[in-house]
Amino acid sequence: MAKFKLIWKIKNLFHCTLFAGEYLESPKITVHSLDNTEWFLRLYPRGRNFSCYIPCFLRRTDSDAGPEVINISYSISLMAMDGSYAFKREVKDHVFGRPSGFGFPDFVKRDDILSNETLYFAKNTMTIVCEMWNGDLTASSVCQVFTRIPVESRSFLWEIRNFTTRSWDSSVAFHVESASKESPTFDMELSLNPENELLEISLKREMTSNPLYLNCAFAILDIHGYNRDRKTEEHIFVPSEETWNYPPFIKKNKLTADSEVYFLRDALTLSCELNISFSNPCSEIQSYFQKLPKNNDQRICTTPIMNPKSKFNLRNDLYHLYVKQKHCDLTLQNKNDYILVHKTILCARSPVFCDMIENEASVKETGIIEINSLNSETLSRMLVFLYTDTLDNISCRTTMNLYLASVRYQIFSLKERCTVHLIENLNVDNVCDVLDFADIHFDDALKTSAQNFICQNVDDVFCSTQWKDFMANSVVLAGETMYQVFLKKL
């Protein structure tokens, strides 16, 4: 069946300054094959009537050259990272006047996508696909449009000196600057609540007539520079709002009790990351592809034609460099193996390896890094990924081992890939193991996906021997999951 497909990519969607009831619109597209009618999508990122849902509507403009009314069928979906369509909703034979709109107030639940960012956000970009058709459409075409929410990121370290000896009768101040005169600045203050010993941070912005979105991540650095007690919160400043009090996340006595962990010369260091959005969204049409009827051999295509895949590419070249052990300058050693590798590759892919190579005296002297925590298969798979960014034919247990290795060595792309692989390969035999693994390692996205799989396959899972063993060994988690099944059936 011939269809017109509109692909709308939205970058930094949830960094927008829109409140509940406010919407974002795609660029307007003229569909010549549907009587020159003009269309766009309207999305409510923080809900319209109910904040738990993200509504999405297809709308026709009031300025096209088409007929007063047109009858079409259409569907709206969310594209997953693997290219599949999720949350697909369809309407058949709907009559659109000029102007009018129709769609889904409950298109998708916010929690369903926010808890599965690795599935639905590629580089912080969400993709919505709308397909339209009717009996008069004879040629398929695809239009891709793009909307970006401008986001400015600022990262800095905030050192609070004389932490244990200072008087907390007054707050500690810090001015957050920007490289642009057009960007807002902030004044941050750290104070101590004497009643509960909680450290409290407030952020004061310049007064403007525009709303401002702020996403803040604060973490306490230990004496080795590693993040501890990290907390992320977001806030939208309304035009009349000047100060926001960041939710407290740590007590003073917890820090002083572990002073040898947190304090270097009685100084506490906060790692601060601010993502700020205060500008209007930017939208554009990226590409248009039209496939003419079968009887016509011509083709109109405004997107570049890609070359066929070749075995001569960077990925294969790096893999051969690893396999042939050429020009290696570092050795990784576990209990059974010595593997020659390249410092440059490891430094580029892992900040932990980079720190070892640059700062550990034993590594500088011997050229050897001992990795006794990884077995031979996990180490080999991890290295192949570091060189090629690929994972092929791995079992659930190997994926879990690689997940742990990615956390240990801060290989974030590997962790993301392992999470996606575990989610995509959930089945009755392994879902209990994955759920228990996710709970132990505080991976909410993986845990939610495992529980959703159980809810969708409740009869098969609850009748399996794996579930019986799981209930005996993980009573609390099994009870929590059964409660989720109960809620889904309400």
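Quick look at the values:
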| item | result |
| --- | --- |
| Probe 1.4 Å - accessible area at Arg230, Å² to nearest ten | 120 |
| As computed over segment 1-138, the Cα convex hull volume per residue (Å³) | 104 |
| Hydrodynamic radius (Kirkwood) for the chain, which is based on Cα pairs only, to one decimal in Å | 26.8 |
| When each of Lys204/Lys251; Lys11/Lys109; Lys231/Lys364; Lys324/Lys364; Lys447/Lys468; Lys252/Lys415 is checked by Cα-Cα distance, pairs over 28 Å | Lys231/Lys364; Lys252/Lys415 |
| Calculated FRET efficiency for the pair Glu182/Arg228, C-beta based, R₀ 41 Å, to 0.05 | 0.70 |
| Cα gyration tensor of segment 113-197 - equivalent ellipsoid semi-axes, whole Å, descending | 51, 18, 11 |
| Net length gained if the chain between Thr388 and Asn193 were fully extended (0.36 nm per residue, minus Cα distance) | 65.1 nm |
| Per-residue SASA entry for His94, accessible area with 1.4 Å probe, Å² rounded to 10 | 40 |
| 19 Å cut-off, amide nitrogen to a point 7 angstrom out along Phe50 Cα→Cβ, residues in segment 454-488 | 484-488 |
| Percentage, to the nearest whole number, of Cα pairs in segment 75-128 over 19 Å apart | 36 |
| Rough spin-label spacing in nm, given labels placed 7 Å along Cα→Cβ, for Lys204 and Asn457 | 5.7 |
| Kirkwood-based shape ratio for segment 361-443, expressed as Rg/Rh from alpha carbons | 1.03 |
| Solvent exposure, largest accessible area first (probe 1.4 Å, DNA, RNA and ligands not counted), of Arg110, Arg154, Arg408 | Arg408, Arg110, Arg154 |
| Ordering of 97-104, 165-172, 128-135 by packing [mean C-beta count within 10 Å, highest first] | 128-135, 97-104, 165-172 |
| Apportionment of accessible area to carbon and sulfur, the chain, percent (1.4 Å) | 48 |
| Label-point separation, Thr344 to Ala257 (7 Å along Cα→Cβ), nm | 4.9 |
| Simple label model, 7 Å out from Cα along Cβ direction - Arg110 to His327, nm | 5.1 |
| Net lengthening on full extension, Arg166/Asn336 (0.36 nm per residue, minus Cα-Cα) | 55.9 nm |
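The values are calculated or read from the model by the stated rules, or taken from the named source; none is laboratory data. Please read these numbers as outputs of a predicted model, since none were measured by experiment. All Cβ positions, glycine included, derive from the backbone under ideal geometry; neighbour counts span all protein chains shown. Heavy atoms of the whole protein, side chains included, go into the accessibility calculation; ligands, DNA and RNA do not. Shrake-Rupley method; radii C 1.70, N 1.55, O 1.52, S 1.80 Å.
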